[in-house]
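Student: This is the structure I want to talk about, given as structure tokens.
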Amino acid sequence: MPMKTVASLIVLVAMGVFAYTELTSRLVSLETSRELFENDLLKKSEQVPVDQEQHFLLEDLYKSVEQIETRIEDMMHNKVNISFIQKQTEKLLADVEELKDKVRANGSH
């Protein structure tokens, strides 16, 4: 047999072995993921309705807490605005008193 034929047979066998190992590896990977998926579904189906109800209640509580946090943040902004307006009002009252004093001072001369 010529050397070229032997080399091509070796390469052909090597390619076949490589393809077979890749194919079996992929099959094992898919079977493993399928088994894990089935186990997860079985675990989820084993949950009792009380667990599911508690899960729904927790989700509702989280939503409520988020809404309350948003309201509190809005109230903090309102508090800042109210403080600013109070300071401005106090300044205005002081200015009005000062103007009243000036008007009284002008009227007495």
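Student: With the condition kept exactly as written, say whether any residue in segment 75-84 is modelled with pLDDT of 90 or more, among the small types (Gly, Ala, Ser) and at negative phi.
Tutor: No, segment 75-84 has no match at all.
Student: Please pick out the residue among 92, 57, 61 that is part of a helix (DSSP H, G or I), over 43 Å from the mean Cα position of the chain (by Cα), surrounded by 10 or more Cβ atoms within 10 Å (Cβ to Cβ) and without any contact (Cβ under 8 Å) to a residue 60 or more places away in the chain.
Tutor: 92
Student: Please list, ordered by first then second residue, the pairs with beta carbon atoms under 6 Å, 6 or more apart or interchain, first in segment 5-19 and in contact (Cβ under 8 Å) with a residue 24 or more places away in the chain and surrounded by 10 or more Cβ atoms within 10 Å (Cβ to Cβ), second among the polar types (S, T, N, Q) and not in a helix (DSSP H, G or I).
Tutor: That search, which allows pairs on different chains as well, returns nothing.
The values are calculated or read from the model by the stated rules, or taken from the named source; none is laboratory data. Computed from a prediction, not measured in an experiment: that's the story for all the values here. Ideal geometry is used to build each Cβ from the backbone, glycine not excepted, and the neighbour counts take in all protein chains shown.
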